[in-house]
Amino acid sequence: MNFLEEKIIADGKVYEGNVLKVDNFLNHQIDIDVMRQVACEFKRRFKGTPVDKVLTIEASGIAIAIMLANMYDVPVVFAKKGVTVNSTDDKYMSQAYSFTHKKMNNVFVSKPYLSKGEKVLIVDDFLADGKAFGALIDIVNQAGGEVVGLGAVIEKGQQNGGKIIREQGYHLESIAIIDDMDYETQTIKFRAQ
């Protein structure tokens with residue numbers, strides 16, 4: 001069992017509807033030690049991979065992306081889910097369905113922040129059905145960049161997102177892959193890696 005699986009067992013809660021609540025260390029309150037270990041593990045797993053930018057989607061992926069980008073000494077770019085008054089019209093857009101929020105989001109990155117030929121490492125907190133990763137891949141492709149890898153802190157292996165992304169030929173690394181969760185018993189089964 002790795003450090004993240006141990007943390008999930010100790011502090012995670014399983015809710016009805018295939019929901020894992022880890023907001024006390026990953027996506028509401030951020031445990032910096034856990035984020036540091038996550039970043040180090042991603043850096044180890046993507047060893048030798050050249051990276052020009054780390055890309056994520058707001059909001060929960062930002063902390064992970066910052067820790068990892070710091071190790072590569074490259075910028076972080078995050079796709080925004082909502083247009084604001086200072087958003088430009090010049091942007092790459094895609095759509096991502098949020099499993100957590102049960103809604104479709106238009107996501108975008110302003111064109112100056114992704115360029116043709118850039119090597120982009122995509123990271124996020126969860127991988128469930130793969131829609132967020134799919135939208136980010138689409139945005140990198142629109143920019144003419146290259147997706148050099150994708151990293152999920154927690155992958156819900158019982159859903160198809162990881163399988164789809166791997167079948168598309170992308171290098172996907174997930175630090176913890178959950179194959180089964182049970183609300184009644186509060187048990188979580190991880191895939192051996």
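The values are calculated or read from the model by the stated rules, or taken from the named source; none is laboratory data. Quick caveat, the model's predicted, so the values are computed rather than measured. Backbone-built Cβ (ideal geometry, glycine too); neighbour counts: all protein chains shown. What goes into the accessible areas is simple: the full protein's heavy atoms, side chains included, and nothing from ligands, DNA or RNA. Shrake-Rupley method; radii C 1.70, N 1.55, O 1.52, S 1.80 Å.
Please verify whether residue 131 is within 20 Å of residue 107 (Cβ to Cβ) and among the basic types (Lys, Arg), treating the condition exactly as stated.
yes
Which of the residues spanning the stretch 155-170 are of a type in the set (Val, Ile, Thr) and open to solvent by 50 Å² or more (accessible area, probe 1.4 Å)?
164
One line per residue, one yes/no per condition, for (1) open to solvent by 50 Å² or more (accessible area, probe 1.4 Å); (2) modelled with pLDDT of 95 or more; (3) part of a loop (DSSP other than H, G, I, E, B):
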| site | (1), (2), (3) |
| --- | --- |
| 69 | no, yes, no |
| 77 | no, yes, no |
| 84 | yes, no, yes |
| 100 | yes, no, yes |
| 105 | no, no, no |
| 129 | no, no, yes |
| 135 | no, yes, no |
| 140 | no, yes, no |
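Restricted to the stretch 101-127, and to residues that are touching a residue at least 40 places away in the same chain (Cβ under 8 Å) and closer than 23 Å to residue 20 by Cβ, which residue is nearest to the chain's Cα centre (by Cα)?
The residue in question is 124.
Just one of 152, 176 is open to solvent by less than 20 Å² (accessible area, probe 1.4 Å), in contact with a Ser or Thr (Cβ under 7 Å, 6 or more places away or on another chain) and either part of a strand (DSSP E or B) or over 19 Å from residue 14 (Cβ atoms) (or both); which is it?
Just a single option satisfies the conditions, and that option is 152.
Would you kindly identify the strands (runs of 3 or more DSSP E) lying entirely within the stretch 1-67 that contain at least 1 residues that are out of contact with any Cys (no Cβ under 8 Å at 6 or more places or on another chain), on the phi < 0 side of the Ramachandran plot and surrounded by fewer than 17 Cβ atoms within 10 Å (Cβ to Cβ)?
Result: 13-15, 19-21.
Evaluate the following for residue 43: is it modelled with pLDDT under 95, under 24 Å from residue 29 (Cα atoms) and over 12 Å from the mean Cα position of the chain (by Cα)?
Answer is no for this residue.
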